[in-house]
1. Report, by residue number, each residue of segment 55-78 that is hydrophobic (A, V, I, L, M, F, W, C) and within 13 Å of ligand 1 (Cβ to nearest atom).
2. Can you run down the residue pairs with Cβ atoms below 6 Å, 6 or more apart or on separate chains, where the first is in segment 55-74 and touching a residue at least 40 places away in the same chain (Cβ under 8 Å) and charged (D, E, K, R) and the partner is within 12 Å of ligand 1 (Cβ to nearest atom) and in a helix (DSSP H, G or I)?
3. Quick test for you: out of PHE119, PHE115, pick the one residue that is surrounded by 19 or more Cβ atoms within 10 Å (Cβ to Cβ) and among the hydrophobic types (A, V, I, L, M, F, W, C).
4. Does THR108 qualify as being surrounded by 13 or more Cβ atoms within 10 Å (Cβ to Cβ) and either of a type in the set (Ser, Thr, Tyr) or on the phi > 0 side of the Ramachandran plot (or both)?
5. GLN237 fails exactly one of the following numbered conditions: (1) in a helix (DSSP H, G or I); (2) surrounded by fewer than 18 Cβ atoms within 10 Å (Cβ to Cβ); (3) of a type in the set (S, T, N, Q). What is the number of that condition?
6. Please work out which residue is nearest to GLU13 (Cα to Cα), limiting yourself to segment 223-234 and to residues that are assigned to a helix (DSSP H, G or I) and over 18 Å from the mean Cα position of the chain (by Cα).
7. Pairs under 6 Å by beta carbon, first residue of a type in the set (Val, Ile, Thr) in segment 157-178, partner assigned to a helix (DSSP H, G or I) and at pLDDT below 95, six or more apart or different chains?
8. Under 7 Å between Cβ atoms, at least 6 apart or on separate chains: pull out the pairs that start in segment 190-215 with a residue that is within 16 Å of ligand 2 (Cβ to nearest atom) and end on any residue that is assigned to a helix (DSSP H, G or I) and of a type in the set (Gly, Ala, Ser).
Amino acid sequence: MSITVRGIDDVREVMGEIVERVEGVVIGLGEATRLIAVSLLANGHVLLEGVPGVAKTTMVKGFARLLGLLGREEVIEGVPFRGFSRIQFTPDLLPSDITGSLVYNPATRGFEPRFGPVFAYLVLADEINRATPRTQSALLQAMQEKEVTIGDKTYRLEYRDRGKFFLVLATQNPVEQEGTYPLPEAQLDRFLMRILIGYPETLEDEKRILRLHSSRLVEPVEDLESLVEPGWLVAAQGVVASHVTVSEEVLDYIARLLRATRPEVFEPVAEYLELGASPRAGIALLRAAKARAALEGRDSAEPRDVDAVLFHVLNHRLIPRVEKLIEYEEKTRYGARTRLIRDALELVRKTVG
Ligand SMILES: Nc1ncnc2c1ncn2[C@@H]1O[C@H](COP(=O)(O)OP(=O)(O)O)[C@@H](O)[C@H]1O
Ligand SMILES: [Mg+2]
């Protein structure tokens with residue numbers, strides 16, 4: 001691996017270019033695109049949540065292309081890895097459809113591993129909440145441990161020293177839809193961020209989307225070509241981890257924010273939240289803030305970096321208080337939940353900031 005990333009400027013320049021090219025094919029989704037880039041730089045899995053047809057899958061494909069993952073195949077220590085694989089989650093998907101299984105080979109009269117789609121750099125887990133909890137668990141466990149077991153052998157999914165990362169970008173519909181199995185909070189926190197994708201905000205954006213598609217038969221995302229080798233991301237993650245500093249002041253800010261989300265510690269938040277943020281959530285916040293600083297071209301994380309990622313890192317890790325939830329007169333329970341979490345975090349931020 002001879003990929004060098006010289007410093008933060010390099011990270012900003014290259015990831016900035018990747019973001020710009022993805023933004024070019026997904027109108028009005030600049031913030032979501034930047035947040036995905038931040039997660040990638042922080043080596044964190046992402047959950048993209050929104051109704052069908054708002055370009056969730058398209059964004060993931062865009063990153064896969066620009067990171068040089070399309071059509072890539074590689075064997076590491078005898079195990080074949082794909083650059084990019086997409087798993088469409090359905091109710092009949094089995095755990096072994098994700099991880100792999102042993103198959104009998106009559107020629108050798110022995111069992112051989114068939115490696116599942118998690119053997120990839122980037123996995124698009126599409127509509128993850130349509131599969132059964134058992135199948136979801138297989139993926140979530142692989143995400144957590146970065147390894148899977150087939151038969152009695154355990155295989156690694158990440159080889160950082162060889163420029164091999166393992167990241168999952170999952171999509172799901174808002175959880176209250178029928179025929180879905182919502183991921184439990186305890187598993188949701190395997191995702192560094194949950195990014196909520198809404199409908200286009202303005203009439204103008206709506207028209208820009210139509211114009212972008214009007215004179216073409218293939219998806220604009222298919223025009224994107226690779227900008228870097230996949231190993232670039234591993235090197236860039238290393239630069240973010242080691243070059244971006246966090247002052248005592250920013251550390252203190254993060255710690256105070258965390259504590260203020262906990263009803264046991266900060267009385268006023270108890271009106272909104274049943275359960276606050278864990279130390280693990282704090283580490284996620286720290287990593288995301290550092291990656292965001294790097295994407296902005298800075299070598300120190302600042303409170304504004306923390307603020308910029310706060311909602312996205314914490315929204316799926318906090319449990320709202322049901323009594324408060326019913327006070328919110330939103331059209332959907334989902335909408336109410338989102339607004340409640342926003343309000344709770346606003347209270348937390350005002351108190352600490
Ligand atoms: N904001 C947008 N900008 C450009 N194209 C969009 C946008 N939203 C949706 N589309 C287009 O609509 C279609 C559905 O996108 P897709 O990524 O499959 O959505 P999802 O995964 O959210 O269901 C694609 O052709 C996509 O290019
Ligand atoms: Mg999709």
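1. ALA55, MET59, VAL60, PHE63, ALA64
2. Once the first residue is touching a residue at least 40 places away in the same chain (Cβ under 8 Å) and charged (D, E, K, R) and sits in segment 55-74, its partners that are within 12 Å of ligand 1 (Cβ to nearest atom) and in a helix (DSSP H, G or I) give LYS61/VAL221.
3. So the residue among PHE119, PHE115 that is surrounded by 19 or more Cβ atoms within 10 Å (Cβ to Cβ) and among the hydrophobic types (A, V, I, L, M, F, W, C) is PHE119.
4. The answer is no for THR108.
5. Among (1) in a helix (DSSP H, G or I); (2) surrounded by fewer than 18 Cβ atoms within 10 Å (Cβ to Cβ); (3) of a type in the set (S, T, N, Q), GLN237 violates only (2).
6. Ranking the candidates gives TRP232 first.
7. Hits for this filter: zero, empty list.
8. These pairs meet every condition: ILE195/ALA32; ILE197/ALA32.
The values are calculated or read from the model by the stated rules, or taken from the named source; none is laboratory data. Bear in mind the structure is a predicted one, so any value in this text is a computation, not a measurement. Cβ coordinates were reconstructed from backbone atoms using ideal geometry, including for glycine residues, and neighbour counts include every protein chain displayed.
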